[in-house]
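Q: Mind looking over this structure? Questions follow.
The values are calculated or read from the model by the stated rules, or taken from the named source; none is laboratory data. Model, not experiment: these values are computed from the prediction. Cβ: placed from backbone, ideal geometry, glycine included. Neighbour counts: every protein chain shown.
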Amino acid sequence: MNHLRAAAATTGWGIYCACSWTWCIGMFLPVLLLDRFGWPGFIVFAVPNVLGCAAFGYLANPDRIARIRRRGAWILRAFSLVTIGYHVFFAGLATDWLLGGGGGWRVAAVGAAGGLLVLGWFVSRLPLRAWPWLAGVVYALSLAVFATVGAAPLRSIAWDGNDPAWWLWAMAPTIAFGFLLCPYLDLTFHRARQSAPSRHAFAVFGITFAVMIVLTCAYAALPAGAARVAVAAHLAVQAIFTVTAHWRELDAADAPPASRRSHWTGPALVAAAVVAAALGLLALPAAKDMYIRWLVFYGLLFPAAVLFLVRPWSGPARPPVGGLPFAVGMVVLAPLYELGFLWDRPWILPITLASILLAAGRTAGARTGA
């Protein structure tokens, strides 16, 4: 009986991770990549995404998680707050996408964004024991959407897209860089790793999350307007789950100290500021370009923070890099990401990533006396 309970809990926390990671990147970035590059775009997105997150569960032992939380409290807080803000922005973008830019979409977008934030706060009050069960309900709803959409649309996806194939391979290392390192900053993954009876919860995650991103491909290939209500339900329940899970972790009693300020008021005010900025950006006509710009956090700033500031693989004898040099470096590199992803100069991206990895290697060597 105990083995059955442990297996059920492991599965529950694995599904929890799948739902907390099925967010506005997994639910929409494949739509853009399939249009630009066809199936190879999805493969370059999916492989490091699934493997990077699953690997976290096997590599991040309790000591390593404690080190991350001690060194990177404010970075962990920033990751969750930016993720909440990104989802509120995405609520507006998804509304426009589902309505096809029809009249009144801006009013609907603001309503969707505000509703997501309010629901996120209320649901985040649920006790910890409820979260694997809630994840099971959310995941079942998404599976029902998949049954509605069906797998037939997948057959219409081509093996090439509108952009040259070599652009994708120039982007691939940067995409992998983000997906391999960002899981170390995700407080919901920390929660699952600490709460699940077995690290195999992350193998469950890999399987169940893969189904969700294949669903993204299925509705990306649907004719305009088809299964609109079903797709909207999937986007809504998964986005609400992710926002609530991160909000809960910001307010949890064992949260990193920098993430708790006057209980939930501090994080809520910062999140509200992010939301206000997100809604302002949504007023611009190029909303999809703004969606890509948000990814600079997950493709540059956060993974670089893992390398330079958090350094989860190094012991106490290897202190992190100073915050000011790191900030200057990010300001210098961010425009190169803009050029690479939005201005048709993807050849810049491998050079930029190589410079980051070289600097990280030199820093590690200097701090160990190498």
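Q: Might you let me know whether region 241-252 holds any residue that is at pLDDT below 95 and surrounded by fewer than 22 Cβ atoms within 10 Å (Cβ to Cβ)? It would help to see each step written out before you state the result.
A: So in region 241-252, the residues at pLDDT below 95 come out as 241-252.
Keeping just the survivors that are surrounded by fewer than 22 Cβ atoms within 10 Å (Cβ to Cβ) gives 251-252.
So far as region 241-252 goes, yes, one or more of its residues are at pLDDT below 95 and surrounded by fewer than 22 Cβ atoms within 10 Å (Cβ to Cβ).
Residues are listed down the side, and each one gets a yes or a no for (1) over 16 Å from residue 21 (Cα atoms); (2) in contact with a helix residue (DSSP H, G or I) (Cβ under 8 Å, 6 or more places away or on another chain); (3) not in a loop (DSSP other than H, G, I, E, B):
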| residue | (1), (2), (3) |
| --- | --- |
| 153 | yes, yes, yes |
| 166 | yes, no, yes |
| 199 | yes, yes, no |
| 208 | no, yes, yes |
| 215 | no, yes, yes |
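Q: Quick one: how many residues across region 5-39 are over 21 Å from residue 191 (Cα atoms) and part of a helix (DSSP H, G or I)?
A: 10
Q: Now for a different question. Before we move on, is residue 78 out of contact with any strand residue (DSSP E or B) (no Cβ under 7 Å at 6 or more places or on another chain), in a helix (DSSP H, G or I) and either closer than 19 Å to residue 299 by Cβ or at pLDDT 90 or above (or both)? Full working, then the answer.
A: Numbers: out of contact with any strand residue (DSSP E or B) (no Cβ under 7 Å at 6 or more places or on another chain): yes; in a helix (DSSP H, G or I): yes; either closer than 19 Å to residue 299 by Cβ or at pLDDT 90 or above (or both): yes.
Criteria met by residue 78.
Q: Which residue is surrounded by the most Cβ atoms within 10 Å (Cβ to Cβ), if the candidates are limited to region 46-60 and must be of a type in the set (A, V, I, L, M, F, W, C) and under 19 Å from residue 185 (Cβ atoms)? First the steps, then the outcome.
A: Step one: filter region 46-60 for residues of a type in the set (A, V, I, L, M, F, W, C), giving 46-47, 50-51, 53-56, 59-60.
Filter again for under 19 Å from residue 185 (Cβ atoms), leaving 50-51, 53-56, 59-60.
Numbers: 50: 19, 51: 14, 53: 22, 54: 24, 55: 15, 56: 26, 59: 15, 60: 21.
Taking the candidates together, the pick is 56.
Q: If you scan region 183-206, which residues turn out to be in contact with a Gly (Cβ under 8 Å, 6 or more places away or on another chain) and not aromatic (Phe, Trp, Tyr)? Please lay out each step first, then the result.
A: Quick first cut of region 183-206, residues in contact with a Gly (Cβ under 8 Å, 6 or more places away or on another chain) only: 183, 185, 189, 192-193, 196, 199-205.
Hits for region 183-206 are 183, 185, 192, 193, 196, 199, 200, 201, 203, 204.
Q: Can I ask one more? Contact list please: Cβ distance under 7 Å, first residue in region 220-233 and more than 11 Å from residue 148 (Cα to Cα) and surrounded by 15 or more Cβ atoms within 10 Å (Cβ to Cβ), second residue modelled with pLDDT of 90 or more and not hydrophobic (A, V, I, L, M, F, W, C), pairs at least six apart or on different chains.
A: 220/30; 221/153; 221/156; 222/153
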